[in-house]
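Below you'll find the structure, written out as structure tokens, and then a few comments.
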Amino acid sequence: MQLDFNCDLGEGEPFARTRALMRHATSVNVACGGHAGDATTMERCVRLARELGVRVGAHPGVAGAFGRGEVKLTVNEFQTLLLQQVGALHRLTEVQRVRLHHVKLHGSLYHAVERDAALGRCYIESMGRGFGGLPIYALAGGRVAALGRRLGVAVWEEAFADRAYRSDGSLVPRDESGALLTRPAEIARRVRELRAGEGILTVDGSRLPLRPRTVCVHGDTPGAIRLLAAAARALAGPRKAG
């Protein structure tokens with residue numbers, strides 16, 4: 001299966017950067033008014049994705065600390081957040097005659113649904129009932145991916161090209177040294193290894209046997225344009241001999 005490359009966009013970056021990043025992605029996750037984004041940025045991203053033939057996904061988040069602070073939401077509050085933010089982007093895609101392809105939670109929400117079983121179930125069930133059963137981009141090997149499969153909701157398991165992993169499958173926290181991978185050669189190597197079915201090399205030298213369908217490079221990672229370009233080149237290159 002061909003790897004998908006996704007990138008988080010519409011998060012306040014200059015539009016020239018949005019365009020440059022989107023040229024190397026196959027899917028984009030558009031901020032829809034929580035941690036970032038508004039009607040103008042959403043519309044621009046949707047128009048550009050239509051122009052470039054890129055899949056459009058909703059990227060719901062929470063306000064404060066760019067959506068990376070601690071999450072304190074009830075199930076009802078979380079469900080309302082999803083309906084409001086995904087619904088806002090969904091309406092814009094309908095106007096632009098673009099199909100909304102997926103939903104990917106931002107930052108602390110993404111990790112909260114992995115830790116909190118009630119939030120995780122709310123997420124899966126909300127997406128299964130609403131918006132035509134949109135696929136979810138979720139942590140490869142995680143709780144949400146497993147629950148989605150059990151409940152019959154489509155899940156594209158995701159790995160991060162620009163983040164360091166621990167041996168338990170968690171990401172190295174952003175405030176720790178080495179949490180971000182910022183060299184194109186590192187990104188290319190990870191993509192080639194994922195493509196070859198070798199999983200992900202962790203910070204302690206072990207390997208996680210992940211088989212993602214989509215790979216993320218964050219739009220705000222230093223050098224993200226060069227990193228996405230390196231990932232795309234690595235995917236287009238010859239397969240490793242088996």
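Key figures
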{"read-out": "Selection within segment 199-219 - in a loop (DSSP other than H, G, I, E, B) and surrounded by 15 or more Cβ atoms within 10 Å (Cβ to Cβ)", "value": "Gly199, Thr202, Leu210, Pro212, Arg213, Val217, His218, Gly219"}
{"read-out": "Failed item in (1) over 21 Å from Arg149 (Cβ atoms); (2) surrounded by 24 or more Cβ atoms within 10 Å (Cβ to Cβ); (3) out of contact with any strand residue (DSSP E or B) (no Cβ under 6 Å at 6 or more places or on another chain); (4) not acidic (Asp, Glu), with Arg91 passing the rest", "value": "(2)"}
{"read-out": "Segment 154-191 - residue that is among the acidic types (Asp, Glu) and farther than 20 Å from Leu227 by Cα and, of those, surrounded by the fewest Cβ atoms within 10 Å (Cβ to Cβ)", "value": "Asp175"}
{"read-out": "Enumeration of residues in segment 100-138 that are basic (Lys, Arg) and under 22 Å from Asp4 (Cα atoms)", "value": "Lys104"}
{"read-out": "Residue list for segment 113-135, restricted to those being among the acidic types (Asp, Glu) and either assigned to a helix (DSSP H, G or I) or buried (at least 19 other Cβ atoms within 10 Å of the Cβ) (or both)", "value": "Glu114, Glu125"}
{"read-out": "Qualifying residue in segment 103-121 (condition: in contact (Cβ under 8 Å) with a residue 40 or more places away in the chain, out of contact with any strand residue (DSSP E or B) (no Cβ under 6 Å at 6 or more places or on another chain) and among the basic types (Lys, Arg))", "value": "no"}
{"read-out": "Flag if Arg44 is under 26 Å from Glu125 (Cβ atoms), of a type in the set (Lys, Arg) and surrounded by 15 or more Cβ atoms within 10 Å (Cβ to Cβ)", "value": "no"}
{"read-out": "Residue list for segment 1-41, restricted to those being within 19 Å of Leu82 (Cα to Cα), charged (D, E, K, R) and surrounded by 16 or more Cβ atoms within 10 Å (Cβ to Cβ)", "value": "Asp8, Glu11"}
{"read-out": "Flag for Pro173 being under 22 Å from His59 (Cα atoms) and either touching a strand residue (DSSP E or B) at 6+ places or on another chain (Cβ under 9 Å) or of a type in the set (Ser, Thr, Tyr) (or both)", "value": "no"}
{"read-out": "Residue within segment 149-168 that is in a helix (DSSP H, G or I), more than 18 Å from Ala58 (Cβ to Cβ) and in contact (Cβ under 8 Å) with a residue 24 or more places away in the chain present", "value": "no"}
{"read-out": "Members of segment 15-30 that are under 12 Å from the mean Cα position of the chain (by Cα) and of a type in the set (A, V, I, L, M)", "value": "Ala25, Val28, Val30"}
{"read-out": "Any hit, segment 223-240, residues being over 24 Å from Arg143 (Cβ atoms), more than 19 Å from the chain's Cα centre (by Cα), crowded, with 20+ Cβ neighbours inside 10 Å and not polar (S, T, N, Q)", "value": "yes"}
{"read-out": "Check on Glu193, assigned to a helix (DSSP H, G or I) and over 19 Å from the mean Cα position of the chain (by Cα)", "value": "yes"}
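None of the figures in this text is laboratory data; all of them are computed from the coordinates on show. Everything numeric here is computed off the predicted structure, so don't read it as measured data. As a convention, Cβ positions derive from the backbone with ideal geometry for all residues, glycine included, and neighbour counts pool all protein chains shown.
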